[in-house]
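Here the structure comes first, spelled out in structure tokens, and everything after it is commentary.
The values are calculated or read from the model by the stated rules, or taken from the named source; none is laboratory data. Keep in mind the model is a prediction, meaning the values are calculated, not measured. In this analysis, Cβ positions are derived from the backbone assuming ideal geometry, glycine residues included, and neighbour counts consider all displayed protein chains. All accessible areas refer to the heavy atoms of the entire protein, side chains included, with ligands and DNA or RNA removed. Shrake-Rupley method; radii C 1.70, N 1.55, O 1.52, S 1.80 Å.
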Amino acid sequence: MPAQGKVSLPVIKRLPKYYRYISEMKQKGVTKVSSSELARIMGTTASQVRQDFNCFGGFGQQGIGYEISRLHHEIGTLLFREDSLNTILIGTGRLGTAISSYLNNDARGYHLLAAFDVKEDVIGKELCGMTIQHIDKLREFCKKNTPDVAVLCIPKASAKELAPTLVELGIKGFWNFSHYDLAVEYPNTIVENVHLGDSLMSLSYRVNNED
């Protein structure tokens, strides 16, 4: 498998979509799939599918196609490591609560260790089996447990203030719902920015301008 730096970000971004469709095929008992069929489902071309898979050595045989079980295993190996990424959640409002439930019940490859907040009325309450801790405990917790990922469900100003501490404490990646673009300030940090408003505006444009 090549180093991630040698694979373009668009290819990496397509891997979860491949994995999702292939998982559905596997559940339905499908055993093989062609690049043309994958392209149709993905909304791309057969050539693009082959190019994407060739970035990782290729998973099929010309004229035969791809074995679903092998694709599922190989792409799963690319996306997930054997031990889950230790994860902390910062912000336990409605969004943070929903995200914590998703991480605990549906997300593969992540282990939610702790949740933090600043609101006194939620400190000490239970969230997905964890006791919500005050943000003042963050530094001590991170030094002891060395989490890999931080999920930010906090306002933009709070994220901007907290980011230097999290980077200093060794957080390797952020799932960021705060609307503060950490990747600009910390280009060497891996960040997945989730802008719900941007997605809604894109939907609005496409609906309003549909021919």
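May I ask you to verify whether Val7 is farther than 23 Å from Gly173 by Cβ and at pLDDT below 95?
Numbers: farther than 23 Å from Gly173 by Cβ: no; at pLDDT below 95: yes.
The answer is no for Val7.
Take the residues in the stretch 148-202 that are in a helix (DSSP H, G or I) and touching a helix residue (DSSP H, G or I) at 6+ places or on another chain (Cβ under 6 Å); name whichever of them is nearest to Leu138 (Cα to Cα). Working first, answer last.
First, pick out the residues of the stretch 148-202 that are in a helix (DSSP H, G or I): 156-168, 182-185, 196-202.
Pick out the ones that are also touching a helix residue (DSSP H, G or I) at 6+ places or on another chain (Cβ under 6 Å) and you get 163, 182.
Numbers: Ala163: 12, Leu182: 19 Å.
Within the stretch 148-202, the match that is nearest to Leu138 (Cα to Cα) is Ala163.
If the condition is being assigned to a loop (DSSP other than H, G, I, E, B), surrounded by fewer than 16 Cβ atoms within 10 Å (Cβ to Cβ) and out of contact with any strand residue (DSSP E or B) (no Cβ under 8 Å at 6 or more places or on another chain), then the stretch 2-43 contributes Pro2, Ala3, Ser8, Lys28, Gly29, Val30, Gly43. Hey, any hits in the stretch 70-92 for a residue that's at pLDDT 95 or above, open to solvent by 60 Å² or more (accessible area, probe 1.4 Å) and not in a loop (DSSP other than H, G, I, E, B)? So far as the stretch 70-92 goes, no, none of its residues is at pLDDT 95 or above, open to solvent by 60 Å² or more (accessible area, probe 1.4 Å) and not in a loop (DSSP other than H, G, I, E, B).
Restricting the first member to the stretch 68-81 and to residues that are in contact (Cβ under 8 Å) with a residue 12 or more places away in the chain, and the second to residues that are hydrophobic (A, V, I, L, M, F, W, C) and not in a helix (DSSP H, G or I), the beta-carbon pairs closer than 7 Å and six or more apart or on different chains are Ile68/Val30; Ile68/Val33; Leu71/Phe59; Glu74/Phe59; Leu78/Met1; Leu78/Phe56. Out of everything in the stretch 93-110 that is assigned to a helix (DSSP H, G or I) and of a type in the set (Gly, Ala, Ser), what residue ends up being farthest from Ser178 (Cα to Cα)? Selected residue: Ser101.
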